[in-house]
Amino acid sequence: RSVACRSGTLVSLSLQEVSNSLKDKPWWQKRDRIDELSSLCTHYAAALAMAGLAAAVVQHEIIILGADPRSSGMDMLKLANTLLSLASCCAVVCHYTFIAYAARMHAHL
């Protein structure tokens, strides 16, 4: 099959030639790496969310036992819960980003 370039010259392309040139690309040889990274992001999101949940449960139980909610220990648990929740949200965004990359890559294969 011949394709005209912008300069007007004809370039002969075969599926075999295109396939061979793509195989030289590093992502072609490791296409599954994006899926692995996406899966890793979901594991991080779950682990961070569970750690944030644990901090919230500990905070609640300590308050039930009669501790002062304005103590520095409570502030540390609140900070831990907030940071872990934000990190979990970032991991979820990372997962969806890798899904978008994978969709684009598979559309071009």
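Each value in this text was obtained by applying a stated rule to the coordinates, not by laboratory testing. Treat the numbers as computed from the prediction; the structure is a model and nothing was measured. Positions of Cβ are backbone-derived with ideal geometry, glycine not excepted, and every protein chain shown enters the neighbour counts.
Quick one: is LEU84 free of Cβ contacts under 8 Å to residues at least 40 places away in the same chain, surrounded by fewer than 13 Cβ atoms within 10 Å (Cβ to Cβ) and farther than 26 Å from LYS30 by Cβ?
Values: free of Cβ contacts under 8 Å to residues at least 40 places away in the same chain: yes; surrounded by fewer than 13 Cβ atoms within 10 Å (Cβ to Cβ): no; farther than 26 Å from LYS30 by Cβ: yes.
The answer is no for LEU84.
Which pairs do you get when a residue that is farther than 29 Å from PRO69 by Cβ, found in the stretch 37-57, comes within reach of a residue that is among the aliphatic types (A, V, I, L, M), reach meaning Cβ atoms under 7 angstrom, with the pair 6+ apart or on two chains?
As it stands, the answer is SER38/ILE99; SER38/ALA102; CYS41/ALA91; TYR44/ALA91, since those pairs meet every condition given.
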